[in-house]
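*Asks:* Structure below; questions to follow.
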Amino acid sequence: MDEKIMQSLVLENKEVLNVTGVEGVDNFNDETVVLITSKGRLTIKGENLSISKLNVDEGKLMVKGIINSMVFSEYEGQREKVSLVKKLFK
């Protein structure tokens, strides 16, 4: 994960979310969109969600619908790497 990559979240009227720093889409449906971003996993929850624009090369994504929450968490792979490093240095 490159710490120099800037990330922004711009929410307009709780209906349009523009995200930068997107590395990929983990999964999505009309109630949940899970993104892999430069700053961790981003879970977006709402109603009638759709991905209207996605450009992974530029790291940009637009989600439309009624957005109720956005939550960041670690990658699953990050936890494994940390625990492996801890095991090596014990």
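*Asks:* Of all GluC sites (Glu not before Pro) in the stretch 1-42, which ones are in loop regions per DSSP and have a Cβ with at most 16 other Cβ atoms within 10 Å?
*Replies:* Qualifying residues, ordered by number: GLU3, GLU15, GLU31.
*Asks:* Counting other Cβ atoms within 10 Å, which GluC sites (Glu not before Pro) in the stretch 45-77 have at most 15 and lie in a DSSP loop?
*Replies:* For GluC sites (Glu not before Pro) across the stretch 45-77 that sit outside H, G, I, E and B with at most 15 neighbouring Cβ atoms in 10 Å, the list reads GLU58, GLU74.
*Asks:* Ok, one more. Sequence-distant or interchain residues sharing an amide H contact under 5 Å with VAL25, placed H: which?
*Replies:* Long-range HN contacts for VAL25: ILE36.
Read-outs: derived from the displayed coordinates by stated rules, not from any lab. This is a predicted model, so every value here is computed, not measured. Here Cβ is always computed from backbone atoms with ideal geometry, including for glycine, and neighbour counts include all displayed protein chains.
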